[in-house]
Amino acid sequence: FDTGMRKLKRQKNMDRKDFYVSSAGKERYPYSIVWTPLPFISWFLPIIGHMGICTSDGVIRDFAGPCYVSQDCLTFGRPTKYLVLDRSKVGLRQDRSEQDVWDYAISEAVAQYEGMMYNFFCNNCHSFVARCLNELKYDGKSDWNMVSVFFYFTPRCKFVSSRRLVRTYIGFAVFALVTALFLLNQ
């Protein structure tokens, strides 16, 4: 009954098969990049947010702070946007399966970033995702960076649900409304 209800709920909300809810109640986004808004910052600039990448079984990994890569959740909340990456664009090795290549690349990036300091402007969650894409030789490239990841993800991503779309923009809408009302009363 529980599994059937989860399937029904997913189909009712999304009618997509890109992600699922595990038996433990965790959201899974296999072979995907995920994104969530940053508190306060996204209220002023809604295109700025926190990003992670998922393993082949959908477990989220994200560079969360100095010497720390979190597992199984995004640091600032559940994903509001996601992009399923095209697995045919991964530089495969003949001696490894697609799943092994994917997970190994992410684990290599995790090992590197667990020893790095976090810098909001230069070495952040977007940089971590870029490192993963470089390890994957995604799209035949090994020069991904935080800017190229942003411009690749932003026009292609999908919202998880309409509720999460609202969650993404509600802070900005309130800020814009308060600002407009303040300026109109001047």
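Solvent-accessible surface of the chain, taken per residue with a 1.4 Å probe and all protein chains present: 57 Å². Between residue 186 and residue 121, the FRET efficiency estimated from the beta carbon spacing at R0 = 25 angstrom works out to 0.15. Each stretch of four or more DSSP H residues adds -39500 (n - 2.57); spread over every residue of the chain, this sum gives -12500 deg cm²/dmol at 222 nm. Computed about its Cα centre, the charge dipole of the chain is approximately 840 debye, with only Lys, Arg, Asp and Glu carrying charge at their Cβ. For semi-axes √(5λ) of the Cα gyration tensor in Å, the candidate list reads [x] 24, 20, 18; [y] 29, 23, 14; [z] 38, 19, 15; the entry that matches the value derived from this model is [y]. Expressed as a whole percent, the accessible area of the chain that falls on carbon and sulfur atoms is 59 (1.4 Å probe).
What the Cα convex hull of the range 44-95 gives, in volume per residue, is 134 Å³.
Just want to confirm a number: the relative contact order over the chain, from Cα pairs under 8 angstrom separated by 6+ residues, in percent. Could the numbers behind the result be given before it?
Details: 297 pairs, mean separation 41.7, N = 186.
With pairs under 8 Å counted, the relative contact order is 22 percent.
For the chain, modelled as a GNM whose springs connect Cα atoms under 10 angstrom apart, the maximal fluctuation among 58, 25, 140 occurs at 25. Evaluated over the Cα positions of the range 16-102, the convex hull gives a direction-averaged projected area, one quarter of its surface, of 7.3 nm². Computed from the alpha carbon positions, the gyration tensor of the range 77-186 leads to an equivalent ellipsoid with semi-axes of 36, 17, 12 Å, biggest first. Close amide H partners of residue 69, meaning residues 5 or more places away or on another chain with modelled amide H under 5 Å apart, are 64.
Would you be so kind as to identify which of 120, 172, 154 lies farthest towards the positive end of the dipole of the range 103-186, taking Lys and Arg as +1 and Asp and Glu as -1 on Cβ and the Cα centre as origin? Most positive-ward Cα: 172.
The values are calculated or read from the model by the stated rules, or taken from the named source; none is laboratory data. The structure presented is a predicted model; accordingly, all values stated were derived computationally and were not measured. All Cβ positions, even for glycine, are placed from backbone atoms using ideal geometry, and neighbour counts span all protein chains on display. For accessibility, only protein heavy atoms count, side chains too; no ligands or nucleic acids. Shrake-Rupley method; radii C 1.70, N 1.55, O 1.52, S 1.80 Å.
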